[in-house]
1. Going by average Cβ neighbours within 10 Å, how do the peptides 188-198, 106-116 rank, with the highest at the top?
2. Multiplying the sequence separation of Arg371 and Ala236 by 0.36 nm and subtracting their Cα-Cα distance, what value in nm do you get?
3. Placing unit charges on C-beta atoms (Lys and Arg positive, Asp and Glu negative, everything else neutral), compute the dipole magnitude of the chain about its Cα centre in debye, rounded to 20.
4. Could you sort 289-295, 442-448 so that the peptide with the highest average Cβ count within 10 Å comes first and the rest follow in order?
5. Distance cut-off 18 Å, Cα to Cα: go down the list Lys153/Lys198; Lys235/Lys262; Lys144/Lys167; Lys396/Lys419; Lys86/Lys137 and report the pairs above it.
6. Determine the percent antiparallel among the DSSP beta bridges restricted to the chain, to the nearest 5.
7. Any chance you could look up the accessible area of Lys15 with a 1.4 Å probe, heavy atoms only, rounded to 10 Å²?
8. Determine the dipole magnitude for the stretch 336-399: charges of +1 sit on the beta-carbon of Lys and Arg, -1 on that of Asp and Glu, nothing else is charged, the reference point is the Cα centre, and the result goes in debye to the nearest 20.
Amino acid sequence: MSVKGNADKLGLVGKEFVVDIRDLNNLGAGVGRLPVVGNGDGLVVFVRGTVSGDVAQIEIIKETSSFCVGRLIRIVTPSPVRDTEKFCSAPEACGGCVYRHVTYAHELECKKQRVIRAFRVAGIADANVLDVLSTGKTRGYRNKGMYPVAQGKNGMYSGFFASKSHKLIPAENCSLQPEIFSNIVRAVCDFCNKNAVKAYDEISGKGLLRHIYLRATAAGEVMLCLVINAEDIGKALRGKLIEYITERFPAVTGILLNVNKKSTNVVLGDKFLTVWGQAYIEDVLCGKILRIAPESFYQVNRDAAELLYNTAADMADLTGKEHLLDLYCGAGSIGISMSDKVKSITGIEIVPEAVECAKLNASLNGLSPDRARFFAGDATDADRLLSAAEGGGAPKADIAVIDPPRKGTTRELIEAIAKRNINRVVYISCEPETLARDCAVFRELGYQMSDVQPVDLFPRTGHVESVVCLTRRLDN
């Protein structure tokens, strides 16, 4: 087939091709090119279920002017990096484990290459990206689970939303979650079916239960929270629920309700009610006690978080004399994990409840208010917040740790850090592209980069954390 270019569609939908898969993107799709298109290397095609090195027979199910999407019919020749062991019993449509078909060694290499590409795109081609650090554990590592529910012909069921949709894929098990999560979810659905509790329907707005939310500690304690479309479930149903769950699961230390009556895709509402037991769980991270409320941010992979935080502390090269500024501090876990190696901590976090949690966590670990101060506010409004913190007795920072959300930080915050002559900045990021973008700004303002160290906090998924230390140049 000869074409002038990709500006016009070629009528490929429904046609079959045999393609070489050359790459695997972080959304879990193999990437190839259609060999019949005679313009350069051909038209890019994305095929879920294929991996780098596969030769696959596919059917085109979507065509645009710049790419196609194919459906895998069969693997003609399997790739040497294809994992022969089935990773998970959940349907592939759940979209969670995008690397479920490749060996873990190849997954780590893919993640390293993603970080390298991000820095090249940002104009930092000389960034030295190290091999990805990992605990080696790929199953059952998540300490948090959110399970949407729906009403089916045979009653309530749970599962996961298909990628980029609100279609609920039934799935009782997830290889990333501990087994007890699946057992509790199954028990909650059984309880609801026995007690005529209906799942919420987002179209009609009717039904009671929206999500089953679970958190666990390394010691095995579990918090169960039911997200409901009501103010409460009533005294009688509360009693039945407590009896049903506690008899079956001694590991459950708290049962809560979360009220969310809004027509929204946001899972949690603002109001929590404690039905039974504790309203929190406590975990130990890097030797520090952390009290975790249901709304608190906490890394979902505890063991890998320890690896990440210890790596960040090593990069910071702390001597015990530093005043640490912890931006986007959440419940204070990063700063508190480094507290034995610094003179003081000043944390800033936009969520007021998390700030109170950080203060409590500091107290639980024996940190006095003059050694650990936490302030509520948007960390990107650095000049105003830091002035207020310093006016409130916080010392001038020698070193900063920033762990922003996926969108990264702002130029304004980077400029505020540079303006205060903070010598070292340890930047932890869950998004390589925004990390690289922000590192380019730091370099522009007189900082030099260390090696970039990726850390795999989310095995089998498309996400990768990275940490880098930025040091102010002496000639700046």
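The values are calculated or read from the model by the stated rules, or taken from the named source; none is laboratory data. None of these values were measured; they are calculated from a predicted model. We place every Cβ from the backbone using ideal geometry, glycine too, and count neighbours over all the protein chains shown. With ligands, DNA and RNA removed, areas are computed over all heavy atoms of the protein, side chains included. Shrake-Rupley method; radii C 1.70, N 1.55, O 1.52, S 1.80 Å.
1. Final packing ranking: 106-116, 188-198.
2. 43.9 nm
3. 1060
4. With the highest mean Cβ count within 10 Å placed first, the list reads 289-295, 442-448.
5. Lys235/Lys262; Lys144/Lys167, as the Cα separations exceed 18 Å there.
6. Around 65 percent antiparallel, to the nearest 5.
7. 90
8. Charge dipole, the stretch 336-399, about its Cα centre: 280 debye, nearest 20.
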